[in-house]
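Taken together, the values in this text are just the output of simple stated rules run on the coordinates, not laboratory data. This is a predicted model, so every value here is computed, not measured. For neighbour counting, all protein chains shown are included, and Cβ atoms are generated from backbone atoms with ideal geometry for every residue, glycine included.
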Amino acid sequence: MKPGKMSIAEKISAYNRAKKMGLFLNILKPTSESTIIDVGFSDEEYGPSDNFLEKHYPYPGNITALGIDAPHKFSERYPLVKAVTYKGGIFPFRDKQFDICWSNAVIEHVGRRDSQVLFLREAKRVADSVFITTPNRYFPIEVHTRTPLLHLLPKNLFDKYLCITGKKWATDAYMNILSLREIKNILSDAHISGYKIIRNRFLFFTLDFIIIF
C-alpha cells in the first residue's frame, strides 16, 4: 500500500465514524458554547479515524479529553483541547460538569462487566447528555483484529487464537465486545433508563451501536 493511502478497512472506519459524527451533531445539537468530555483519547494515532472528534469538531477549545495515556503527541496535535489523564474507574470531574459526554468505541476496552457498568454511571454523572458507541459482537468481522467469525467463540478460546496468531495485545481485559442484549443489561445494572440505541448498519449487518441518554 502506498504511503498515505487508506486501506479498505480504514476507509470503512472513516466512513462509519463520519456517519456517527453526523448523528451526534443532528441529535444532540451542540453549540459553540457546549462543553464536551471525550472519554478515551489516544496519544498514538494508527489511522485517520483515531481521535475523530478532535479532528472534526468545529469548537476544539470546548473539548476536554480524558484517557489513560500521557498526552504527549495528542497535545501537540490538538493544542486547544484540554487533556486529562486518569487511571480508569471514577472520572476526575464534578457532577454535571459537561453538557455532553462523547465516547467512541471505548466501553469495550475498560474491562469486565463491573467496569463497564461503572463507565456508564460515570458518563451519566459528569454530563447532561451522553453519546457512546461500541462495536456489535455479532458483526461477522471483529473490527479490532480483522478476524472473521472466530470472535463469536467463548472469549477464552478466542483469546487463545489471538495469542497463536500474534495478536496477544487484543486479549484479556483489552477487549470485551458487547451484544445488544448485553448492552441493555449493563444499562439496567447502571440504573440508566430512557435511553435510545441506534443500530449503525453496514450492508446487511449492524456494525456498531450508538447509545444515547
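Taking the stretch 106-129 as the range and being more than 20 Å from Pro60 (Cβ to Cβ) and crowded, with 18+ Cβ neighbours inside 10 Å as the test, the residues that pass are Ile107, Glu108, His109, Val110, Gln116, Val117, Leu118, Phe119, Leu120, Glu122, Ala123, Lys124. Filtered by the rule that a residue be within 18 Å of the chain's Cα centre (by Cα) and within 19 Å of Ser42 (Cβ to Cβ), the stretch 90-103 gives Phe91, Cys101, Trp102, Ser103. Each residue in the stretch 34-64 was checked for being over 11 Å from Tyr78 (Cβ atoms) and either touching a residue at least 60 places away in the same chain (Cβ under 8 Å) or of a type in the set (Lys, Arg) (or both), and 6 pass. Scanning the stretch 139-174 for residues that are under 22 Å from Arg201 (Cβ atoms) and in contact with a His (Cβ under 6 Å, 6 or more places away or on another chain) gives a single hit, Glu142. Remark: pairs (first residue in the stretch 176-195, touching a residue at least 24 places away in the same chain (Cβ under 8 Å); second residue of a type in the set (Lys, Arg) and part of a loop (DSSP other than H, G, I, E, B); Cβ separation under 9 Å; 6+ apart in sequence or on different chains) = Asn176/Arg112; Ile177/Arg137; Leu178/Arg137; Ser179/Arg137; Leu180/Arg137; Glu182/Arg137. Annotation: of all residues in the stretch 155-213 being among the aromatic types (Phe, Trp, Tyr) and outside any strand (DSSP E or B), the one that is nearest to Gly111 (Cα to Cα) is Tyr174. Considering the stretch 65-92, the residues that are without any contact (Cβ under 8 Å) to a residue 40 or more places away in the chain and part of a strand (DSSP E or B) include one that is nearest to Phe24 (Cα to Cα), namely Ala65.
Among the residues of the stretch 104-117, those identified as under 15 Å from the mean Cα position of the chain (by Cα) and farther than 16 Å from Leu25 by Cβ are Ala105, Val106, Ile107, Glu108, His109, Val110, Gly111, Ser115, Gln116, Val117.
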